[in-house]
Amino acid sequence: MYAAKWSQFYDYRKFCITFVLMILCSIALFSQPVLSADTILDLNGLNQKPIALTRYFSVFEDATNTLAINDVEQPAVSNQFKSDFPASESLNFGFTQSAYWLRFTLKNSDNQVSEQMLELAYHPIAEATLYVPNQNGYHALQSGYSVAFKERVYPFRLFTFPISLPANSEQTLYLRVKTPNRLIVPVRLWQKSAFVHYERKDHVIQALYFGCALTMVIYNLFLFITLRDKNYFLYVLFSFSSFLGLLYYSGSASEIFSWHDTPEMIKQTVSSITAMIFVWFFLFMRQMFNTAKCFPFLDKLIKFFIAANLLLPFLLFFAFDETIKYRTLLVILSSIIAFFVILFCAIKRVRSAYFFLAAFTLLFISLLIFSLSALGLITVSIISSTWLIELGSACEMLLLAFALADRYNVLRQEKELAQQQLVEALQTSEYILEARVAQRTAELEIANQKLKALSMTDGLTGLANRRHFDEVLQNEWQRAKRFKQPLSIGLLDVDWFKKYNDFYGHQMGDECLKMVARVLAENVSRTGDLVARYGGEEFIFIAPVTNLNTAKLLAEKICHGLKILALPHELSEFGRVSMSIGIATLIPNDSITSEMLLKNADVALYLAKEQGRNRVVTYID
């Protein structure tokens, strides 16, 4: 009986273990393909703009650099592809010795063959191989700077692959990339017709930039030969280095100099020329700013970075893989130091520094953006940052040419000035006499202006005085009459001010008037308004183009301001300093005068006092 029960239990346990193993096998079999499933790009209905393929990639790192396309297709490797990358312009793998396989799937749901162009828009990539399906498996299309330009699948400065997708089909393609430089992979897919238009436009822009750059180099070389000025020679070396650097970095050098299009040459040149650009630039900047004499501490810093950039090409030649990692860091530091020196000299008002600051601001920003994006610290389109570098380079060449021309012009002016000073030495006494007369005349004019200002200002409060107010009133009266606009005035009187003087003393009374004047000036401050001291404790303001209600609101603001100020007045019914204000408004015409406006305001002020003070009363006919 026990043996039968044990047999039943054993069979039940065996069934449970088998069931669990089946579930685990199912999960292992089906979950991995789902996690690594590729996002399919349907080519039907695409517009003329390129598509960044980053989010359509599945990526596998081949650390051994030995796998072929047949190995990558095997499930053991195929299931290790990672996907779900953000929709950015490029993938950044940093400095790596590994090869990377990028898998993506294209679908053509149209009834016609779809012609596309795949563009790898980053030239410092040594190996770039696209595997396209065919009847025998896959056909390899090779490119990258390790492949001579004339042997590439498509003759363009950037690595480009034609893709033809049959009607109503779906294909999975593989892109294998490897480089000793920083591995950045910005891949874009174009419609073939749109790419042809883009390629033609790109050739025109590249020709314009490099044509202008070469023109500036040759022009300034002739200036150096003519003038024998060391600065022109340094500028030519710097500009020519920039010209060559961008020529190699953009990929145009492989197209132009195809006779020496070797991988080692391109690998070394792109990084080494960048260092030499900074060497010539720092030397040029030292000469233009005269840092050795004017700013010795900056000169030492410049010399250090000149030495560092001179050393870099030698280190790259003997130990490229170990040194290239620090090249980007040196570019960033050199850019920052150069910009700091220019900014410092500009602050110190070195004339040439203004041209440098204008010339290199965009270039330095573009170099920093590119370097930081290369380090992976920020996410910026490599294509956009490259165009920004070319734009900055074109601007700096033009503006630095102006800087040199300005320097030559300054030297010529200094020479002419020296000659002129020799002539002026014979006329010194006459010029000194004329200068003294002019100085005394100017001083007299300034004194007259100050006297006039004093005659128009109340000495105690700093407001306009009665005389100034009368002049402004007549001018505003005529203007209001001409344009048939309302003119308002407010006559103000400090309540029980005599009692205030008697109780607190005249010195405190003067301080009280100053505080009241400040409140008036703060509240009557529109363009055209004027506040004046009318006499004693009386003030007056004029408000052009202002109706009665608006003028009343203005006066109430003054009363409110005094209330907030809360100057103590023990003999006042309100316990503080207050004002009574009379407001009057007229539209001038031939039958009335400005005196009537003053009279009406005076009547309104009298009514304000009669009604208990600390109030605003308007005059109404």
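Hey, does the range 183-193 have a residue that's free of Cβ contacts under 8 Å to residues at least 60 places away in the same chain, at negative phi and within 39 Å of the chain's Cα centre (by Cα)? Break it down into steps so the answer makes sense when it comes.
Of the residues in the range 183-193, the ones free of Cβ contacts under 8 Å to residues at least 60 places away in the same chain are none.
Within the range 183-193, not a single residue is free of Cβ contacts under 8 Å to residues at least 60 places away in the same chain, at negative phi and within 39 Å of the chain's Cα centre (by Cα).
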Seminar exercise, completed: Taking the range 164-180 and the residues there that are in contact with a Leu (Cβ under 9 Å, 6 or more places away or on another chain) and crowded, with 22+ Cβ neighbours inside 10 Å, the one that is farthest from T66 (Cα to Cα) would be L175
Exercise. Of the residues F156, F161, which single one is hydrophobic (A, V, I, L, M, F, W, C), buried (at least 18 other Cβ atoms within 10 Å of the Cβ) and assigned to a strand (DSSP E or B)?
Worked result: F161
Exercise. Tell me, which residue of the range 36-77 that is of a type in the set (S, T, Y) and surrounded by fewer than 17 Cβ atoms within 10 Å (Cβ to Cβ) is nearest to R103 (Cα to Cα)?
Worked result: T39
Exercise. Which of the residues spanning the range 483-503 are exposed (fewer than 15 other Cβ atoms within 10 Å of the Cβ) and within 21 Å of T550 (Cα to Cα)?
Worked result: F483, K484
Seminar exercise, completed: Sole miss for K267 among (1) closer than 20 Å to P124 by Cβ; (2) crowded, with 16+ Cβ neighbours inside 10 Å; (3) modelled with pLDDT of 80 or more is condition (3)
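Can you find, within the range 439-474, the residue that is modelled with the lowest pLDDT among those that are small (G, A, S) and part of a helix (DSSP H, G or I)? Reasoning before the result, please.
Here is the first cut: in the range 439-474, the residues small (G, A, S) are 442, 447, 453, 455, 459, 462, 464.
Imposing the further condition that a residue be part of a helix (DSSP H, G or I) reduces the set to 442, 447, 453, 455.
On the way: A442: 73, A447: 66, A453: 60, S455: 67.
Filtering first and then ranking leaves A453.
Could you tell me whether Y174 is in a strand (DSSP E or B) and in contact with a helix residue (DSSP H, G or I) (Cβ under 7 Å, 6 or more places away or on another chain)?
Answer is yes for this residue.
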For this session: Collect the residues in the range 464-505 that are among the charged types (D, E, K, R) and on the phi > 0 side of the Ramachandran plot, keeping them in residue-number order.
Result: K484
Exercise. When you look at Q478, is it assigned to a loop (DSSP other than H, G, I, E, B), modelled with pLDDT of 90 or more and surrounded by fewer than 20 Cβ atoms within 10 Å (Cβ to Cβ), yes or no?
Worked result: no
Seminar exercise, completed: Among the residues of the range 284-305, the number that are surrounded by fewer than 19 Cβ atoms within 10 Å (Cβ to Cβ) and over 15 Å from R351 (Cα atoms) is 9
Exercise. Which residues, counting only those in the range 110-139, are in contact with a Lys or Arg (Cβ under 9 Å, 6 or more places away or on another chain) and aliphatic (A, V, I, L, M)?
Worked result: M117, L118, L120, A121, I125, A126, A128, L130
Exercise. Of the residues in the range 190-200, how many are surrounded by fewer than 21 Cβ atoms within 10 Å (Cβ to Cβ) and either among the hydroxyl-bearing types (S, T, Y) or assigned to a strand (DSSP E or B) (or both)?
Worked result: 3
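Can you confirm whether Q206 is of a type in the set (S, T, N, Q), more than 30 Å from A68 (Cβ to Cβ) and in contact with a helix residue (DSSP H, G or I) (Cβ under 8 Å, 6 or more places away or on another chain)?
yes
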Seminar exercise, completed: Filter the range 454-469 for residues that are touching a helix residue (DSSP H, G or I) at 6+ places or on another chain (Cβ under 9 Å) and without any contact (Cβ under 8 Å) to a residue 40 or more places away in the chain; the one that is surrounded by the fewest Cβ atoms within 10 Å (Cβ to Cβ) is S455
Seminar exercise, completed: All-but-one check, L183 against (1) among the hydrophobic types (A, V, I, L, M, F, W, C); (2) closer than 24 Å to F282 by Cβ; (3) surrounded by 14 or more Cβ atoms within 10 Å (Cβ to Cβ), failing number (2)
Exercise. When only residues in the range 119-144 that are within 36 Å of the chain's Cα centre (by Cα) and at pLDDT below 85 count, which is surrounded by the most Cβ atoms within 10 Å (Cβ to Cβ)?
Worked result: Y122
Seminar exercise, completed: Scanning the range 76-121 residue by residue, those basic (K, R) and either assigned by TED's automatic domain parsing to the domain that holds Y249 or within 30 Å of R327 (Cβ to Cβ) (or both) turn out to be K82
For this session: Kindly indicate whether any position in the range 342-360 is at pLDDT below 90, over 21 Å from N231 (Cβ atoms) and buried (at least 17 other Cβ atoms within 10 Å of the Cβ).
Result: no
Exercise. What strands (runs of 3 or more DSSP E) lie completely within the range 34-152 and have 1 or more residues being within 14 Å of P186 (Cα to Cα) and either touching a residue at least 40 places away in the same chain (Cβ under 8 Å) or charged (D, E, K, R) (or both)?
Worked result: 58-62, 91-94, 99-108, 114-120, 127-134
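The values are calculated or read from the model by the stated rules, or taken from the named source; none is laboratory data. Remember, predicted model here, so these are calculated numbers, not experimental data. Heads up, the Cβs are rebuilt from the backbone with ideal geometry, glycines too, and the neighbour counts pull from every protein chain shown.
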